[in-house]
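Here is the structure we will look at.
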Amino acid sequence: GAAVDGDRIDAGAGLVGAVLGFVGSGMVVSALPKVDDPVDKYLSVVVDKRGQILSGVSLFALATGFQLWWANALRHRLAPADEDTRRLADLIVPAAVLGLGCTFVGLMPLATVAWRGPAGLDPTVVRLLVDMLSVLFSVLSAVPFFLLAFTASLAMLRTERFPAWAAWLGIAAAVANGLPVFGLAARTGVLSPYSPFGFFGAVLFFGWIG
């Protein structure tokens, strides 16, 4: 029926958003210099990997629309439940908007430099933009994404409208994405930006959405 078709479309939006988001963010992150690289390398990256950075940002921008579609659909599917579950569900869309917003605030300055070119810019300015992306993309956006996955998963468990494994996967994704907040002061290590643990958290989160 129409309801089933709508659920499939919403699930498809989540899958497309997850794939585009994972590939796009991966393209941008893999183009960035390491934190201890010479400052001059930051200038060369936005020239040599200009296409990769801009393509990654474009894919992430496309993913944003699908992810917001999915978040809104999930909220509506959970909202008809009891009042406590509705309060949890009402946090899904604002958390998604805030998390994606933090990511875009980090991405746009670097994307602008890559688009225009770094001519006349001090290398330390470009490094500052990359560092800002690292903090916003990998750490500060972790809080709203944790909130999104955690509250949605609790609502799933309360309503029993989703398989239990989906809710527990969401809780695991929430924890994995929330822990990097405690690594804000670290440039290296398990909880530092772009660490393997951060990659693991991204895989869990996008896998949960998909």
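In table form, for the structure just shown:
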| read-out | value |
| --- | --- |
| Selection from region 24-48 of residues that are open to solvent by less than 10 Å² (accessible area, probe 1.4 Å) and within 13 Å of the chain's Cα centre (by Cα) | Gly24, Val28 |
| Of all residues in region 55-74 being open to solvent by 40 Å² or more (accessible area, probe 1.4 Å) and of a type in the set (A, V, I, L, M, F, W, C), the one that is farthest from Leu154 (Cα to Cα) | Leu59 |
| Pairs where the first residue, in region 111-136, is over 21 Å from Ala61 (Cα atoms) and the second is surrounded by 15 or more Cβ atoms within 10 Å (Cβ to Cβ) and not aliphatic (A, V, I, L, M), C-beta under 7 Å, 6+ apart | Pro123/Tyr42; Val126/Tyr42; Val126/Pro118; Arg127/Tyr42 |
| Failed condition for Gly51, given (1) open to solvent by 40 Å² or more (accessible area, probe 1.4 Å); (2) touching a Phe, Trp or Tyr at 6+ places or on another chain (Cβ under 7 Å) | (2) |
| Matching residues in region 105-126 - criterion: being within 10 Å of Val47 (Cα to Cα) and surrounded by 15 or more Cβ atoms within 10 Å (Cβ to Cβ) | Val113, Ala114, Pro118 |
| Residues being closer than 17 Å to Leu179 by Cβ and either surrounded by fewer than 18 Cβ atoms within 10 Å (Cβ to Cβ) or modelled with pLDDT of 85 or more (or both) - total across region 127-144 | 3 |
| Filter result (open to solvent by less than 30 Å² (accessible area, probe 1.4 Å) and closer than 18 Å to Thr103 by Cα) within region 146-169 | Leu148, Ala149 |
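The values are calculated or read from the model by the stated rules, or taken from the named source; none is laboratory data. None of the values given here were measured: they were computed from a predicted structure. Cβ atoms come from the backbone with ideal geometry, glycine included; neighbour counts cover every protein chain shown. All accessible areas refer to the heavy atoms of the entire protein, side chains included, with ligands and DNA or RNA removed. Shrake-Rupley method; radii C 1.70, N 1.55, O 1.52, S 1.80 Å.
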